[in-house]
Amino acid sequence: MLLHLIRLCGIAALIVVCIIYPFLSGEYDGLAMTLSGMAQMFGALGSVLIGPVGVVWLAHELRDQARKKRHIQVRARGYSFALASVIASSVVAAAVSLVAFVTIGISLGLLTLAVWLYIVSRLIPGLKELRRVESGRFNPAPLYLVFIPIAVMLCQLTLAGVATEFSRNRAIASAAELINSIEDYHARHGRYPTHLSAVHKDYKPSVVGIDKFHYAPSRDAYNLFFEQPRFLLDNIGTREFVVYNKLDQHAMFSHTAWLLLTPEELERRQGWYAVHSASSPHWRYFWFD
């Protein structure tokens, strides 16, 4: 049982690390948000579909063990619970594969689905054996079904706000060097750069899930912004862009075509549904659905 507990904690910890990985300090990793989304989907959907099956199965196992100690005959139902758990897990695996497909492409989605089908193929002999004859010993399988998805879900809910705030503040702090360079350029040339597009990113957000800073001149100043990683269950479907403007004339638009409109039309539309002030002066973050 001690070995099972170690495995339970190890698997849950690994999945939680995948969830918070994009929010940690470090070099950009293009797979970080995909891994996080897949792990978050597992925790969210797994706690709803897999967890309840595990709870009922665990209660059944504990009751049967108690009855066996009193030499009371029990009705074996392990196969039914095991089959139900495989079906529920397959639904979760399909959802996780869908996340991989949407964020990366069909190749990763199919690969994820193929891995799950391989796992199921390895489970089938055990299911057949369980159907033929059930062991009188306690089956630890429901412990995995209950603990792992629920623990992942609870950690996800607990860490969402803290991880988001940390990564946002980390990227904002990393932008200070770029802002100073832009202001030095203005002091030397009397104007701000027209663009900062180049092959190599010399100024990095230093957050695993944030690719780069974006720069856009705006009136007498400029907007410097980045896209902040988000948790799936934190305002579902929302994308967050964090914007710096030294004159507090922040602007963030949801469509490139809108940038070709007249200034009067731009004043009336940007596309975001909520805006908040960040912890640092002249920084705001915009929520788009």
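The values are calculated or read from the model by the stated rules, or taken from the named source; none is laboratory data. Predicted, not measured: the structure shown is a model, and the values here were computed from it. Note that each Cβ is placed from the backbone with ideal geometry, even for glycine, and that neighbours are counted across all protein chains shown.
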Quick check: is even one residue across the range 218-241 modelled with pLDDT of 95 or more, within 16 Å of Ala173 (Cα to Cα) and among the aliphatic types (A, V, I, L, M)?
yes
Being more than 23 Å from Cys18 (Cα to Cα) and either modelled with pLDDT of 95 or more or out of contact with any strand residue (DSSP E or B) (no Cβ under 7 Å at 6 or more places or on another chain) (or both) is the filter here, so list the residues in the range 196-215 that pass it.
Ser197, Ala198, Val199, His200, Lys201, Asp202, Tyr203, Phe213, His214, Tyr215
Could you pull out the residue among Ile20, Ile50 that is at pLDDT 95 or above, within 20 Å of Val91 (Cβ to Cβ), surrounded by 17 or more Cβ atoms within 10 Å (Cβ to Cβ) and assigned by TED's automatic domain parsing to the domain that holds Val86?
Ile50
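This table checks each residue for (1) among the charged types (D, E, K, R); (2) assigned by TED's automatic domain parsing to the domain that holds Gly30; (3) surrounded by fewer than 12 Cβ atoms within 10 Å (Cβ to Cβ); (4) outside any helix (DSSP H, G or I).
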| position | (1), (2), (3), (4) |
| --- | --- |
| Tyr79 | no, yes, no, no |
| Ala84 | no, yes, no, no |
| Ser89 | no, yes, no, no |
| Ala94 | no, yes, no, no |
| Leu98 | no, yes, no, no |
| Thr112 | no, yes, no, no |
| Trp116 | no, yes, no, no |
| Pro125 | no, yes, yes, no |
| Lys128 | yes, yes, yes, no |
Which of the residues belonging to the range 91-107 are hydroxyl-bearing (Ser, Thr, Tyr) and under 15 Å from Ala39 (Cα atoms)?
Ser97, Thr103
Tally of residues being assigned to a loop (DSSP other than H, G, I, E, B), surrounded by 14 or more Cβ atoms within 10 Å (Cβ to Cβ) and not hydrophobic (A, V, I, L, M, F, W, C) across the range 100-110
0
Which ones in the range 7-55 are out of contact with any helix residue (DSSP H, G or I) (no Cβ under 7 Å at 6 or more places or on another chain), more than 16 Å from Arg230 (Cβ to Cβ) and of a type in the set (A, V, I, L, M, F, W, C)?
Cys9, Ala13, Leu14, Val17, Leu31, Val48
Need pairs with beta-carbon distance below 7 Å; first residue under 12 Å from Leu233 (Cα atoms) and within the range 26-46, second among the basic types (Lys, Arg); sequence gap 6+ or separate chains.
none
Where residues in the range 157-204 are among the β-branched types (Val, Ile, Thr) and without any contact (Cβ under 8 Å) to a residue 60 or more places away in the chain, which of them is surrounded by the most Cβ atoms within 10 Å (Cβ to Cβ)?
Ile182
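Go through the range 220-240 and give me each residue that's out of contact with any helix residue (DSSP H, G or I) (no Cβ under 9 Å at 6 or more places or on another chain) and more than 15 Å from Met33 (Cβ to Cβ).
Asp220, Ala221, Asn223, Phe225, Asn235, Ile236, listed by residue number.
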Among the residues in the range 265-287, are any assigned to a loop (DSSP other than H, G, I, E, B) and either assigned by TED's automatic domain parsing to the domain that holds Val99 or acidic (Asp, Glu) (or both)?
no
All but one of (1) touching a strand residue (DSSP E or B) at 6+ places or on another chain (Cβ under 7 Å); (2) part of a helix (DSSP H, G or I) hold for Asn180; which doesn't?
(1)
Kindly indicate which of Val275, Val208 is on the phi < 0 side of the Ramachandran plot and surrounded by 15 or more Cβ atoms within 10 Å (Cβ to Cβ).
Val208
Tell me which residues, restricted to the range 235-289, are among the polar types (S, T, N, Q) and touching a strand residue (DSSP E or B) at 6+ places or on another chain (Cβ under 9 Å).
Asn235, Thr238, Asn245, Gln249, Ser254, Gln270, Ser277, Ser280
